[in-house]
Amino acid sequence: DKHRAMAHAISQTFSSVIGSSVTTIAGFIALCFMSFTLGLDIGVVMVKGVILGVLACVTILPSMILCCDKIIEKTKHKPFLPDIGKISDKVTKRYLIYVALFVVLLFPAIYGNNHTGVYYNLDETLPKDLPSIIANEKLKEDYDMNTTHMILVDSSTDSADVGKMLKEMDKVDGIKWSVPASMIPDSVTSSLKNDKYQLVLANSEYKVATDELNDQIKELNTILHKYDEGGMLIGEGPLTADLIDITDKDFKTVSAVSIGIIFVIIMLLFKSISLPIILVGVIEFAIFVNMGIPYYMGTKLPFVASIVIGTIQLGSTVDYAILMTTRYKRERNHGANKYDSITTAHRVSAQSIMVSALSFFAATIGVGLYSNIDMISSLCILMARGALISMVVVIFVLPSMFMVFDKVIVKTSKGFLPPKE
């Protein structure tokens, strides 16, 4: 009966859906801990999306399926995806091969992940045919102008001291020229000086977000504060240097928070000490592989990619691992041995994992290939590739880990063995 079938469908999937959504939400909440508010914006929108999606899936979706039951029956067709359940026996029988592959690939993946280059210069994410980008390139070629520093000095500072300061700054490596007050026409002076500050300019031959420019900024600040303790060095260069410091801290914070929250959720969901380590470890391996590929391909990523992708891939694809683990636990609890439990869990959940991962891939790959803004393109391609990598890792590596650590899982988890008579 369709109503009874739907009641069973909701009751048997509700805990998995809630558990999966909670981990996804946790991953996105971690983005809200970033001091760079782009993370907060993305995190809040993603969390709302997941909550609304879950509510729709457990209320509107069952109702729509029941209303359209006759249409669904009439439009049935053979599955387009192959029956991956046929390989379930092979995965569990040859589990040592996949464990060996995991061990062999783990260290290159970690190395690549840790050494993937990132860039912080935001104009590099924009199409090269924009008028502003063309104009900047023209300035660099014709006038050797890369970065212009704006220096705000207290308006009460003596013009002679400002002149001395600029002479010192001219001696700093990479400074091409500075504009002293004596060279500025009276008609312009009023625009560059008010009650609080006076503005002077210095041009650098170094590019934004390079080590040379960041070192230069430190030297300029030292000179500036010698003449005016409250003076400020502003502009694209100093802003980007601050951005590097902020996002470096954000990456460590977000990574620790997302792993910590998801670890606790899985531990409470499965009442297990060992499973959070296995599940998070498997997905983190998939993230390392995904983020390590650009290093071996010799490409650089926008700075935000390394922060956002790790969190999104962990929060979104740990669902695949939870789905398989839920079924593994159920089979084990019903008295099946480890081999049969893992094979059944793999056979039943592999198809759903494939559909979920391919949907994630389809939703992101188009934007990644179409967009000519590198930040958007890179993020979407990383998400698309991450979905496929996580799918492969969960389908082949996770069951192998269950085979290896079954005794540990059973002893350190509640509800994996049949209740005693």
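The values are calculated or read from the model by the stated rules, or taken from the named source; none is laboratory data. Predicted model only: the values in this text are computed from it and were never measured. For neighbour counting, all protein chains shown are included, and Cβ atoms are generated from backbone atoms with ideal geometry for every residue, glycine included. Areas reflect the complete protein model, heavy atoms only, side chains present, ligands, DNA and RNA absent. Shrake-Rupley method; radii C 1.70, N 1.55, O 1.52, S 1.80 Å.
Conditions: (1) without any contact (Cβ under 8 Å) to a residue 12 or more places away in the chain; (2) more than 30 Å from residue 295 (Cβ to Cβ); (3) aromatic (Phe, Trp, Tyr). Residue 416 meets all but one. Number of the miss?
Every condition holds for residue 416 apart from (1).
Would you check if residue 397 is of a type in the set (A, V, I, L, M), open to solvent by 30 Å² or more (accessible area, probe 1.4 Å) and either more than 24 Å from residue 9 (Cβ to Cβ) or touching a Lys or Arg at 6+ places or on another chain (Cβ under 9 Å) (or both)? Break it down into steps so the answer makes sense when it comes.
Working: of a type in the set (A, V, I, L, M): yes; open to solvent by 30 Å² or more (accessible area, probe 1.4 Å): no; either more than 24 Å from residue 9 (Cβ to Cβ) or touching a Lys or Arg at 6+ places or on another chain (Cβ under 9 Å) (or both): yes.
No.
From the list 285, 251, which residue is farther than 30 Å from residue 165 by Cβ, of a type in the set (Phe, Trp, Tyr) and modelled with pLDDT under 90?
Values: 285 fails: modelled with pLDDT under 90.
Being farther than 30 Å from residue 165 by Cβ, of a type in the set (Phe, Trp, Tyr) and modelled with pLDDT under 90 holds for just one of 285, 251, which is 251.
Conditions first: (1) β-branched (Val, Ile, Thr); (2) without any contact (Cβ under 8 Å) to a residue 12 or more places away in the chain; (3) closer than 24 Å to residue 163 by Cα. Residue 217 passes all but one, so which condition is the exception?
(2)
In this structure, does residue 110 turn out to be more than 25 Å from residue 386 (Cα to Cα) and either open to solvent by 70 Å² or more (accessible area, probe 1.4 Å) or modelled with pLDDT of 90 or more (or both)?
Details: more than 25 Å from residue 386 (Cα to Cα): no; either open to solvent by 70 Å² or more (accessible area, probe 1.4 Å) or modelled with pLDDT of 90 or more (or both): yes.
In short, no.
Would you mind stating whether residue 388 is out of contact with any helix residue (DSSP H, G or I) (no Cβ under 7 Å at 6 or more places or on another chain) and more than 17 Å from residue 308 (Cα to Cα)?
Numbers: out of contact with any helix residue (DSSP H, G or I) (no Cβ under 7 Å at 6 or more places or on another chain): no; more than 17 Å from residue 308 (Cα to Cα): yes.
Against the criterion (out of contact with any helix residue (DSSP H, G or I) (no Cβ under 7 Å at 6 or more places or on another chain) and more than 17 Å from residue 308 (Cα to Cα)), residue 388 does not qualify.
If you go through the range 218-271, how many residues are hydroxyl-bearing (Ser, Thr, Tyr) and under 21 Å from residue 171 (Cβ atoms)? Break it down stepwise before answering.
First pass over the range 218-271, keeping only residues hydroxyl-bearing (Ser, Thr, Tyr): 222, 227, 240, 247, 253, 255, 258.
Narrowing the set further to residues that are under 21 Å from residue 171 (Cβ atoms) leaves 222, 227.
Going through the range 218-271 one residue at a time, the tally reaches 2.
Mind listing whichever residues of the range 271-328 are outside any helix (DSSP H, G or I), surrounded by fewer than 20 Cβ atoms within 10 Å (Cβ to Cβ) and on the phi < 0 side of the Ramachandran plot? If you could, list the steps in order and put the result at the bottom.
First, pick out the residues of the range 271-328 that are outside any helix (DSSP H, G or I): 271-273, 298-302.
Among the residues that remain, those that are also surrounded by fewer than 20 Cβ atoms within 10 Å (Cβ to Cβ) are: 271, 273, 298-300.
273, 299, 300 - these are the residues of the range 271-328 that are outside any helix (DSSP H, G or I), surrounded by fewer than 20 Cβ atoms within 10 Å (Cβ to Cβ) and on the phi < 0 side of the Ramachandran plot.
Which ranges mark the helices (runs of 4 or more DSSP H) fully within the range 1-81 that have 1 or more residues being surrounded by fewer than 15 Cβ atoms within 10 Å (Cβ to Cβ) and modelled with pLDDT under 90?
Numbers: elements: 2-31, 37-55, 61-67, 69-74.
Result: 2-31, 37-55.
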